[in-house]
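Worksheet for the structure shown next.
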Amino acid sequence: MLTTLLLSGLLALNPFRLAPAVPLVAPTPLGSVDPCRLYGSVYLEADPRRRSQAFGVVYQEPDEAFADVLVYRETNKLFADKAGLWYLTDARDFADYVLFVTDNRNLADFSFHYTKVRSFAGCRKQ
């Protein structure tokens with residue numbers, strides 16, 4: 001009976017189990033948003049009361065030269081599979097990312113500008 005108890009305790013602790021796999025993620029500072037990783041369906045929030053529920057704060061740059069990301073608006077969600085390719089949704093519940101659009105450039109995490117050419121879309125080299 002004692003051997004059964006010891007064997008069941010040993011199996012419960014399972015010293016032969018491999019260590020759990022931890023995904024390899026590069027550490028980012030708290031509060032920073034990497035604009036080069038944003039793609040897919042995006043909802044642009046304009047209501048300041050919902051700012052805290054957004055993934056990040058963005059500024060729509062009027063000029064292409066100063067934007068951090070050039071964004072091409074996709075008409076199909078399946079084609080928005082690279083950085084800078086966004087499918088803009090009408091409902092925030094169906095979006096992969098919710099971004100709050102601010103009119104103050106200093107409060108934004110990054111800025112973006114819409115482009116009409118799909119091959120120009122993406123992150124600027126810094």
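The numbers here are math on the coordinates, done by the rules we state, and not lab data. Please read all numbers here as calculations on a predicted model, not as lab measurements. Note that each Cβ is placed from the backbone with ideal geometry, even for glycine, and that neighbours are counted across all protein chains shown.
Distance between the pseudo-spin-label points of Leu78 and Asp63 (7 Å out from Cα toward the beta carbon): 4.1 nm. Let a ≥ b ≥ c be the square roots of the eigenvalues of the Cα gyration tensor of segment 35-126; is it rounded (a/c under 1.5), or, if not, prolate (a/b larger than b/c) or oblate? Note, shape of segment 35-126 comes out oblate. Relative to the longest principal axis of the Cα atoms of the chain, the long axis of helix 2-13 lies at roughly 10 degrees.
Across the chain, Cα pairs under 8 Å and at least six residues apart give a relative contact order of 34 percent.
Model label sites at Arg50 and Arg92, defined 7 Å from Cα along the beta-carbon direction, differ in position by 0.3 nm.
Along the chain, the exposed loop sites are trypsin sites (Lys or Arg not before Pro) outside DSSP states H, G, I, E and B with at most 11 other Cβ atoms within 10 Å, and the longest stretch free of them is 18-115.
Model label sites at Tyr114 and Leu10, defined 7 Å from Cα along the beta-carbon direction, differ in position by 6.8 nm.
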